[in-house]
Amino acid sequence: MSERTPEPMRRIVAARARSYCEYCRCWEQFATESFTVEHIKPRQAGGETVLENLAWSCFGCNGHKHTKTQARDPETGEKIALYNPRQQFWSEHFSWSDDFTEVIGKTSCGRATVEALRLNRFGVVNLRRLLRSANLHPPQNVESDK
Amino acid sequence: MAVPTEIRKRAIALLEQLPRESLVKAVEFLEALSHEALQVSETPNPQISEAALLQIIQHRLSPEEQDRLAYLRQQNEIGVIRDTEHQELLMYVERVEQQDAERAEALIKLAQLRQTDLKVLINEFLPKHSNIA
């Protein structure tokens, strides 16, 4: 349980995500802290270190997700499984606000994930605004990863 | 006088106490403030020197803080982090992400000042992450 994900596997996960966080869609290029391999189903809950259970995640999303697998939809109060980048498409559950600075949850799963992972964290929203002004946001062509 | 992180925490705490109907008004107000802040930051300031921008771009956590953060991240990744350590990690998240945004802003301004492609400066100043295949 307490072993680091092997380096070759980390490289595959990063390349599969094209170096974007699979939750908040931040680009690793602008992060001083390297992104991390996220166990979608946490190891403590029996999640295995296999490609089907791994996502590429920024430092912040990984920290906020921690061992969570479910969260409440703020609209309905219902407990919902968090977004799974290996089994679901990002654009089915999330969209961008009109100015592209905030992630909007389109479904129960999306709304619960936005809240649980705090996808609109202060620094991340600021970064999106700046990158938008430089035509570097939102990311393009990253929807194919499932 | 309260430090900025304390003020932010206070603001978040107040927001969390608001009933849903007031929350909509609060968000509208915050969006207006945010828009104002953006306009201020977009106003060209000829007095911003290259040295000042470089200072922001090159600012990093102290070696001790970086070591501590590396430890916390490792504990989190291998699934043995304690609750108090996890809270400490989240405080680093807030701080590092805000610094990353400030660094990006400084890079964009420096690119304008030097009339250089932003990608050239990214390659020059931002870390190359070894995990990128």
Discussion item. Please count how many residues of the range B:24-77 are more than 27 Å from residue B:110 (Cα to Cα), at pLDDT below 90 and hydrophobic (A, V, I, L, M, F, W, C).
Written reply: 6
Worksheet item: Does the range A:97-115 contain at least one residue that is closer than 29 Å to residue B:78 by Cα, among the aliphatic types (A, V, I, L, M) and open to solvent by 10 Å² or more (accessible area, probe 1.4 Å)?
Response: yes
Fill in: Hits in the range B:78-105 (condition: more than 23 Å from residue A:42 (Cβ to Cβ) and touching a His at 6+ places or on another chain (Cβ under 9 Å))
B:99, B:102, B:103
Item to complete: May I ask you to say which residue of B:117, B:100 is closer than 21 Å to residue A:133 by Cα, within 12 Å of another protein chain (Cβ to nearest Cβ) and open to solvent by less than 60 Å² (accessible area, probe 1.4 Å)?
Response: B:100
Discussion item. Which count do you get for residues in the range A:117-139 that are of a type in the set (Gly, Ala, Ser) and within 18 Å of residue A:63 (Cβ to Cβ)?
Written reply: 1
Worksheet, complete the sentence: So, first residue farther than 14 Å from residue A:32 by Cα in the range B:56-83, second residue open to solvent by 80 Å² or more (accessible area, probe 1.4 Å) and modelled with pLDDT under 90, Cβ within less than 7 Å, six or more apart or across chains; the pairs are B:77/A:4; B:78/A:3; B:78/A:4; B:79/A:1; B:79/A:44
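Residue-wise test of (1) within 20 Å of residue B:127 (Cα to Cα); (2) within 14 Å of the chain's Cα centre (by Cα).
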residue: A:39; (1), (2): no, yes
residue: A:58; (1), (2): yes, yes
residue: A:62; (1), (2): yes, yes
residue: A:72; (1), (2): no, no
residue: A:80; (1), (2): no, no
residue: A:84; (1), (2): no, yes
Discussion item. If the requirement is being in a loop (DSSP other than H, G, I, E, B), among the acidic types (Asp, Glu), more than 7 Å from every other protein chain (Cβ to nearest Cβ) and closer than 30 Å to residue B:103 by Cα, which of these qualifies: A:48, A:22, A:38?
Written reply: A:22
Item to complete: Name every residue in the range A:75-96 that is closer than 20 Å to residue A:39 by Cβ, open to solvent by less than 20 Å² (accessible area, probe 1.4 Å) and out of contact with any Asp or Glu (no Cβ under 8 Å at 6 or more places or on another chain), in order of residue number.
Response: A:82, A:83
Fill in: Boolean, residue A:57 is within 17 Å of residue A:13 (Cβ to Cβ), within 14 Å of chain B (Cβ to nearest Cβ) and at pLDDT 95 or above
yes
Item to complete: Considering each residue of the range A:59-74, count those that are in a loop (DSSP other than H, G, I, E, B) and open to solvent by less than 10 Å² (accessible area, probe 1.4 Å), and give that number.
Response: 1
Worksheet entry | Residues satisfying the stated conditions in the range B:78-97, i.e. buried (at least 19 other Cβ atoms within 10 Å of the Cβ), among the β-branched types (Val, Ile, Thr) and assigned to a helix (DSSP H, G or I) | B:93, B:96
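The values are calculated or read from the model by the stated rules, or taken from the named source; none is laboratory data. Treat the numbers as computed from the prediction; the structure is a model and nothing was measured. When we count neighbours, we look across all protein chains shown, and the Cβ atoms used for this are built from the backbone with ideal geometry, even at glycine. Each accessible area value is taken on the protein alone, full model and side chains, heavy atoms only, with ligands, DNA and RNA left out. Shrake-Rupley method; radii C 1.70, N 1.55, O 1.52, S 1.80 Å.
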